Amino acid sequence: MPRILVLDCKQEISSFNPVPSEYENFHISKGDTLFSHRGLNTELGGAFDVFDQRSNVVIVPTIAARAGSAGLLSANGWRRLSSEILDAVRDGIDGIDAIYASLHGAMGADGELDPEGYLLAAIREMVGPGIPIVISLDLHGILTDRMVRNVNGLTIYHTYPHVDFADTGARAARLLLRLMEDGVRPVLARVIVPALVRGDELITATGCYGDLIRECQRIERDGTALAAGIMIGNPFTDVPELCTQVIVETDGDAAVAEAEAVRLANEFWAQRFRMQGKLIPLDRAIAQARTMKGPLVFTDAADATSSGATGDSNAIIAALSDANYPGSVLAQIVDPQAAAAAHRAGVGATISVTLGGAMDPRRYQPMAVTARVRLLSDGNSRLETMKTELEAGPTAVLTFDNFTVVVFSTSISLFDRAMYYSNGCNPVDFGLIVVKSPHTEFHMYDAWVEKNFNVDARGATSADIPSLGHTVCMRPIYPLDRDIEFKPEAVIYSIAPGR
Ligand SMILES: [Zn+2]
């Protein structure tokens, strides 16, 4: 009866968010409660589905630690989190035959800029070289040399906006079973591409990045590769190995792995100019919006909570208000003080508060409003895609002038409509909707709005990558540096179990 230990640890950080994240940002579940992922579109859900089809596999669930994207994890937070994870793994480790770890790849902690690598090295130390370890990663993750050296296989998301969570977990689970049962001897080629990218060309259904990802899928599906993907990194996670990288893993064939990885890296590099954010100045977007029928979306990718921004930017609503934009506006903001004031006052009350600008004062000014409290909630909801829980804390819907603003106590992912719906706001009822996510699934907004403006506002996750101020990542790297000579070179890792 093969016993497979399972763990999950995910957070994505923005080094440019001034508010550190803490242990308390993590939602931690242990043991059998991990089985609540069965049937969900999550990596664990997909992996469990594969394992459950084998009557002889015993799953050993240990710990799942998930946090919304935020600022750098504090040193104390990381110390507590990492020891809790490693303790849980240690408790489950007796008699196991393999490990599946669901990771993100864009964590960062004060004093440890490669948290996933730290965890994998520690787990490898516990189990020795003979136990196969397979991980799954977000394509926005940063795969480090230390991570590769401590695993035997990995799978990477193939969609953006991400919808293939369960599929990526299922691919990892199947790869792990092959390592255990078929005696495959994986070799992995890693080609670092000195580029950071952003923008619409990364949408895999329509963009040029998607064309390359479909090549990765083809070589995975036709048996050329055990796994393949292109990790673009999270450009906001300023860590030493931040980069784009092509990963191709084959069964024993280093030459094929290298050739495919180099080919894909060359094709990616040639298109780096296309894969940059195309932003419209805020005042120009507002001027155009005035003349349009709508509905319209103002995409505020610079304050994308799912990429690690604070969510407390009022840049767009303040500019719309200053410009006396006449249409009905729906927006969201993280402001615990305003939410608390609304909860104290009650539904129907009128309150004078400031909205936003408290957490990232270097970028935003508090916006004073006198607003009516239209609705109060506990801030609980579920993501549309993954059906996993969102906990925004005490939440309020405030209205003033032509504005309706949903105010949260804590930052949560805003890459779908869940937090609007669960607070009684339907985006279709408004003329202009502010979305704090670089992209959403097509049907959510783009399918029915007249225009989705990628607005150039300031923020910790701006698509204007040179505006952010990287100090740690490898250089030179495009677009922080220009005139870079690039000749792709693969580093080959022999990562068979027991090597
Ligand atoms: Zn991602």
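The values are calculated or read from the model by the stated rules, or taken from the named source; none is laboratory data. Fair warning: this is a prediction, and the values are worked out from it, not measured in the lab. Cβ coordinates were reconstructed from backbone atoms using ideal geometry, including for glycine residues, and neighbour counts include every protein chain displayed.
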The residue from Glu112, Glu84 that alone is among the acidic types (Asp, Glu) and without any contact (Cβ under 8 Å) to a residue 40 or more places away in the chain is Glu112
So in region 94-108, with the set limited to residues that are within 17 Å of Cys9 (Cα to Cα), assigned to a loop (DSSP other than H, G, I, E, B) and touching a Leu at 6+ places or on another chain (Cβ under 8 Å), which one is farthest from the ligand (Cβ to nearest atom)? Gly108
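May I ask you to verify whether Asp211 is free of Cβ contacts under 8 Å to residues at least 24 places away in the same chain and assigned to a helix (DSSP H, G or I)? Show your work before the answer.
Values: free of Cβ contacts under 8 Å to residues at least 24 places away in the same chain: yes; assigned to a helix (DSSP H, G or I): yes.
Yes.
From Ala255, Ala225, grab the single residue that is in a helix (DSSP H, G or I), more than 21 Å from the chain's Cα centre (by Cα) and not assigned by TED's automatic domain parsing to the domain that holds Asp300. Steps first, please.
On the way: Ala225 fails: in a helix (DSSP H, G or I).
The conditions single out Ala255.
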Restricting to region 279-329, count the residues that are buried (at least 24 other Cβ atoms within 10 Å of the Cβ) and of a type in the set (D, E, K, R). 3
Mind checking whether some residue in region 183-202 is under 22 Å from Arg274 (Cα atoms) and free of Cβ contacts under 8 Å to residues at least 40 places away in the same chain? no
I need a count of the residues in region 248-282 that are aliphatic (A, V, I, L, M) and either closer than 29 Å to Leu175 by Cα or touching a Pro at 6+ places or on another chain (Cβ under 8 Å) (or both). 10
What are the residues in region 154-198 that are under 21 Å from Ala259 (Cβ atoms), surrounded by fewer than 24 Cβ atoms within 10 Å (Cβ to Cβ) and within 15 Å of the ligand (Cβ to nearest atom), if any? His158
Considering residues of region 129-148 that are under 16 Å from Leu179 (Cα atoms) and not hydrophobic (A, V, I, L, M, F, W, C) only, the residue nearest to the chain's Cα centre (by Cα): Ser136
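Here is a yes/no grid of residues against (1) touching a Phe, Trp or Tyr at 6+ places or on another chain (Cβ under 6 Å); (2) surrounded by fewer than 18 Cβ atoms within 10 Å (Cβ to Cβ):
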| site | (1), (2) |
| --- | --- |
| Phe453 | yes, no |
| Gly459 | no, no |
| Arg475 | no, yes |
| Tyr493 | no, no |
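Residues to consider are Leu86, Leu40; find the one that is part of a helix (DSSP H, G or I), in the same structural domain as Pro18 (by TED's automatic domain parsing) and either at pLDDT below 95 or within 24 Å of the chain's Cα centre (by Cα) (or both).
Working: Leu40 fails: part of a helix (DSSP H, G or I).
Step by step, each of Leu86, Leu40 is checked, and only Leu86 is part of a helix (DSSP H, G or I), in the same structural domain as Pro18 (by TED's automatic domain parsing) and either at pLDDT below 95 or within 24 Å of the chain's Cα centre (by Cα) (or both).
Could you check region 386-433 and list, in sequence order, the residues that are β-branched (Val, Ile, Thr), out of contact with any helix residue (DSSP H, G or I) (no Cβ under 8 Å at 6 or more places or on another chain) and surrounded by fewer than 21 Cβ atoms within 10 Å (Cβ to Cβ)? Spell out how you get there, then give the answer.
From region 386-433, those β-branched (Val, Ile, Thr) are 388, 395, 397, 399, 404-407, 410, 412, 428, 433; that's our starting set.
If we keep only those that are out of contact with any helix residue (DSSP H, G or I) (no Cβ under 8 Å at 6 or more places or on another chain) too, we end up with 388, 397, 399, 404, 428.
Listed by number, the residues that qualify are Thr388, Thr399, Val428.
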Every residue from region 43-69 that is part of a loop (DSSP other than H, G, I, E, B), touching a residue at least 12 places away in the same chain (Cβ under 8 Å) and over 18 Å from the mean Cα position of the chain (by Cα): Arg54, Asn56, Val57
Of the candidates Val50, Val6, Val58, the one satisfying the condition of being farther than 17 Å from Thr168 by Cβ and more than 16 Å from the ligand (Cβ to nearest atom) is Val58
Can you work out which of the residues in region 138-153 that are buried (at least 22 other Cβ atoms within 10 Å of the Cβ) and not in a loop (DSSP other than H, G, I, E, B) is nearest to the ligand (Cβ to nearest atom)? Met147
